[in-house]
Amino acid sequence: MELFSSQTGRHFEPLASRMRPLSLDEYIGQEHIVGPGRLLRRAIRADQLTSIILYGPPGTGKTTLARVIANTTKSNFVTINAVLSGVKQIRETVEKAQEQLSLYDQKTILFVDEVHRWNKSQQDALLPWVENGTVILIGATIENPYFEVNRALVSRSRIFQLKPLTDKNLFAIVRFTLSNPERGYGKYKVIIDDDALSHLVHVANGDARSLLNALELAVETTPDHFPPQEGETIHITLEIAEQSIQRKAVLYDKEGDYHFDTISAFIKSLRGSDPDAALYWLAKMIYAGEEPRFIFRRMLIFACEDVGMADPNALIVTEAAASAFERVGLPEGRFHLAHATLYLSTCAKSNSVFGFFDALGMVENEADMDVPDHLKDSNRDSTAFGHGQGYLYPHAYRDHWVAQQYLPASLQGRIFYKPGDTGYEKNIHDDILKKREAQLALMIEQEQPEVLTFSPPDKIRDKWLQRASSTKSIMLENIRDEIFSSFSLHRHDRILVVNETGGLLLWEAVRKVPEGGVYALIGNEENIKIHTHYAELLPDFEKPVLIHGDINELPLQSSTAISGDVRFDAIIGRNTFTRTPDRPAMCKTYYSLLDTNGVLSLCETIPSRATRLSQFLNKTVIKPGILKKIQKAEESLYTSGSNTLVNWTEKDITGFLTGSGFQDVTAEIKIYSEERRIRETDLKRWFTTGEKERENYGSELLKYLASEEFDYVKSIFFKELAGTEKEWKYTVVFIRARKKA
């Protein structure tokens with residue numbers, strides 16, 4: 001019988017099975033992968049699913065999600081359990097899939113529950129059919145697929161990790177169950193006290209199946225008879241809830257992810273000097289039945305790896321506790337486990353012992369280094385080859401130490417051990433450094449070879465192009481890094497890139513959120529074509545959504561590219577406020593497009609602080625009175641009340657954002673520079689006047705200069721600046737803001 005096919009006899013099914021969602025609209029939780037606008041949701045609704053593996057703890061909705069896909073897709077949907085199936089059943093499934101494809105042009109989706117249970121031969125049997133598209137695989141596993149599933153199969157599938165459901169999700173599941181008359185308890189009047197419901201949700205610990213099983217037990221054992229009459233009141237108290245779910249199950253598998261994840265949390269808590277967390281993870285392991293010898297083994301390693309020379313007693317204490325445990329055993333041996341845990345979590349830390357692995361790498365990768373003669377064994381041959389001659393016996397000197405060469409000559413000056421500055425190592429730190437300085441003073445000075453350089457003749461233009469391209473690229477990379485470093489991204493986030501042109505932010509966003517969604521607003525149609533062509537290299541559902549439109553057209557309500565229910569986790573962009581005269585409206589639009597806790601990260605060039613051309617003039621070649629007029633014209637150009645595109649500062653923007661509801665609004669000013677060559681065509685464009693376009697440099701000068709003065713200034717600019725290289729400075733502000741609930 002197919003897992004998802006039967007609708008008969010549903011009242012005999014357990015509640016957890018009856019309440020499995022039938023559609024995406026009923027599915028609760030896992031918003032990070034199936035929320036509005038997410039990649040997987042889009043793929044399911046478009047019936048364009050590729051092979052996927054669903055990975056997560058029990059009760060988080062892996063099988064349920066497969067059921068939703070089965071109810072949504074037009075493909076032939078087949079289910080098998082990895083525990084019960086073998087290679088024979090796989091071959092039969094593939095044959096039927098080939099038949100469906102050839103006769104009916106219908107794809108086959110194969111859902112494999114507990115896919116990690118398949119051995120290598122079973123997984124290999126399916127691999128070629130997944131690879132050629134005969135079968136689309138949906139695997140479900142509670143084990144890390146990167147370790148437990150065939151690497152080739154993993155590489156051909158997209159991994160989606162499901163997380164334990166939140167309390168909010170579990171409350172929603174209970175409400176849905178109590179209100180559903182067909183599959184749940186909507187026919188009855190079930191009253192659950194708040195403390196009883198909170199107890200069920202808390203003890204379920206993110207597991208919907210555990211919660212529904214407890215709810216079923218509570219509801220069906222409370223009345224004197226079941227099923228009760230329709231409309232009958234069933235009252236669930238805290239006492240009933242406690243009887244229905246008596247113990248919180250600790251999620252732990254001695255051979256699986258939870259085993260390794262928990263011991264990892266334990267070690268990291270020791271390393272982080274957090275005794276409370278360390279004791280908690282220790283208690284969880286002991287409660288779940290972990291082997292104490294395994295825990296002591298990890299603590300003995302930790303005593304040298306992470307404590308080391310900061311506290312040499314750590315190894316002694318841990319070894320003593322382990323030895324005492326062997327003599328005492330459980331349950332009293334838990335004192336020794338806790339004793340060692342507390343010592344390791346509270347003592348000083350140092351990982352300087354890793355210097356050994358640096359030395360090991362040197363030995364493995366470098367040519368064999370001969371032992372210096374004075375360090376060789378003199379007992380075997382001290383006459384013919386002089387082995388051991390020149391060795392200084394440290395005990396014959398004051399403080400039992402003398403400076404001499406110990407490393408091979410070619411390695412003099414190499415440092416492998418870096419003493420820390422805490423605990424015991426703090427006491428030896430300075431002493432080690434002083435002795436090293438003395439050792440280095442004995443190194444044989446070698447004659448340094450003469451450094452010769454040769455530079456072929458180079459044209460001025462070529463030199464400028466090389467320098468300009470490098471400074472420009474560095475500036476853009478810095479801006480990109482600043483924009484993305486201001487907030488944390490998850491692989492499933494949705495990003496809107498506004499005012500995109502060359503792809504500086506777009507493709508970085510695509511790399512950072514492969515399971516989410518990237519939308520880019522691009523004003524230039526030619527740029528749309530370029531990015532569309534580049535996107536062909538990506539799988540369909542990794543491609544960004546490219547929207548042709550001007551930033552002033554946001555929120556693009558008429559566009560089908562951004563549906564009404566999509567909200568973004570981040571909006572990023574460059575120079576968006578220099579493109580719109582109505583900046584307050586733009587801030588409100590950004591706010592409306594962001595999801596709760598969404599971030600806005602923008603880089604805006606401040607026009608009013610732009611480089612002034614007069615700064616490049618030789619002040620001795622122009623009349624002082626004329627120069628002042630030029631400077632007044634420049635200030636007017638960037639601060640004029642009529643020119644709304646340039647007459648603003650970062651304070652205006654932060655004010656607009658705050659007024660729109662944003663919180664945590666910050667503005668960080670940075671100055672960048674690049675080498676720029678001033679061409680005659682640039683000067684002609686700047687000094688063009690009389691056109692109906694927006695005010696430019698020349699038209700603004702004419703407001704302050706007479707006609708003959710304007711011609712004089714123009715000639716000076718052409719004579720002094722045409723063909724020269726100047727350092728242009730850009731004042732930019734990095735705007736960060738967050739939309740909070």
Any idea how many residues of the range 707-718 are open to solvent by 40 Å² or more (accessible area, probe 1.4 Å) and without any contact (Cβ under 8 Å) to a residue 40 or more places away in the chain?
6
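To keep it simple, each residue is scored yes or no on (1) more than 18 Å from Leu613 (Cβ to Cβ); (2) within 44 Å of the chain's Cα centre (by Cα); (3) not small (Gly, Ala, Ser).
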position	(1), (2), (3)
Lys670	yes, yes, yes
Leu683	no, no, yes
Leu705	no, no, yes
Lys726	no, yes, yes
So, of the residues in the range 152-166 that are outside any strand (DSSP E or B) and among the aliphatic types (A, V, I, L, M), which turns out to be surrounded by the fewest Cβ atoms within 10 Å (Cβ to Cβ)?
Ala152
Result of the Cβ filter at 9 Å on the range 526-544, keeping first residues that are farther than 17 Å from Glu508 by Cα and partners that are in a helix (DSSP H, G or I) and at pLDDT 80 or above, at least 6 apart or interchain, is Asp540/Ala43
Evaluate the range 344-365: report whether one residue or more is of a type in the set (Lys, Arg), assigned to a helix (DSSP H, G or I), at pLDDT 70 or above and under 30 Å from Leu270 (Cα atoms).
no
Go through Thr64, Thr50, Thr60 for me and flag whichever is surrounded by 17 or more Cβ atoms within 10 Å (Cβ to Cβ) and either part of a loop (DSSP other than H, G, I, E, B) or over 31 Å from the mean Cα position of the chain (by Cα) (or both).
Thr60
Here is a list of conditions, (1) crowded, with 16+ Cβ neighbours inside 10 Å; (2) part of a loop (DSSP other than H, G, I, E, B), and Glu332 meets all of them except one; can you say which number that is?
(1)
Flag if Thr688 is polar (S, T, N, Q), over 29 Å from Pro624 (Cα atoms) and surrounded by 13 or more Cβ atoms within 10 Å (Cβ to Cβ):
no
Out of the residues in the range 654-677 that are closer than 24 Å to Glu477 by Cα and of a type in the set (Val, Ile, Thr), which is modelled with the lowest pLDDT?
Ile671
Would you confirm whether or not the range 608-621 contains a residue that is open to solvent by 70 Å² or more (accessible area, probe 1.4 Å) and in contact with a strand residue (DSSP E or B) (Cβ under 9 Å, 6 or more places away or on another chain)?
yes
Scan the range 472-504 residue by residue and report those that are part of a loop (DSSP other than H, G, I, E, B) and at pLDDT below 85.
Ser486, Thr501, Gly502, Gly503, Leu504
Please verify whether Gln557 is modelled with pLDDT of 80 or more and open to solvent by 10 Å² or more (accessible area, probe 1.4 Å), treating the condition exactly as stated.
no
Residue identified as within 29 Å of Asp481 (Cβ to Cβ), open to solvent by less than 50 Å² (accessible area, probe 1.4 Å) and in contact with a strand residue (DSSP E or B) (Cβ under 6 Å, 6 or more places away or on another chain) among Glu725, Glu650, Glu668
Glu650
Could you tell me whether the range 134-141 includes any residue that is out of contact with any helix residue (DSSP H, G or I) (no Cβ under 8 Å at 6 or more places or on another chain) and among the hydroxyl-bearing types (Ser, Thr, Tyr)?
no
Mind telling me which of the residues Ala535, Ala509 ends up being open to solvent by less than 40 Å² (accessible area, probe 1.4 Å), within 29 Å of Gly661 (Cα to Cα) and modelled with pLDDT under 90?
Ala509
Looking at (1) within 22 Å of Phe577 (Cβ to Cβ); (2) of a type outside the set (Phe, Trp, Tyr); (3) in contact (Cβ under 8 Å) with a residue 40 or more places away in the chain, which is the one condition that is false for Asn618?
(1)
Can you pull out the residues in the range 192-218 that are under 22 Å from Arg20 (Cβ atoms) and in contact with a strand residue (DSSP E or B) (Cβ under 6 Å, 6 or more places away or on another chain)?
Ile192, Ala218
Looking at the range 167-187, which of its residues are surrounded by fewer than 20 Cβ atoms within 10 Å (Cβ to Cβ) and in a loop (DSSP other than H, G, I, E, B)?
Asn180, Pro181, Glu182, Arg183, Gly186, Lys187
Can we say Asp377 is open to solvent by less than 80 Å² (accessible area, probe 1.4 Å), of a type in the set (Asp, Glu) and at pLDDT 70 or above?
yes
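The values are calculated or read from the model by the stated rules, or taken from the named source; none is laboratory data. Keep in mind that what you see is a predicted model, and the values were worked out from it rather than measured. Don't worry about glycine lacking a Cβ; one is built from the backbone with ideal geometry, like all the others, and counts go over all protein chains shown. Surface accessibility is based on the protein's heavy atoms, side chains included, excluding ligands, DNA and RNA. Shrake-Rupley method; radii C 1.70, N 1.55, O 1.52, S 1.80 Å.
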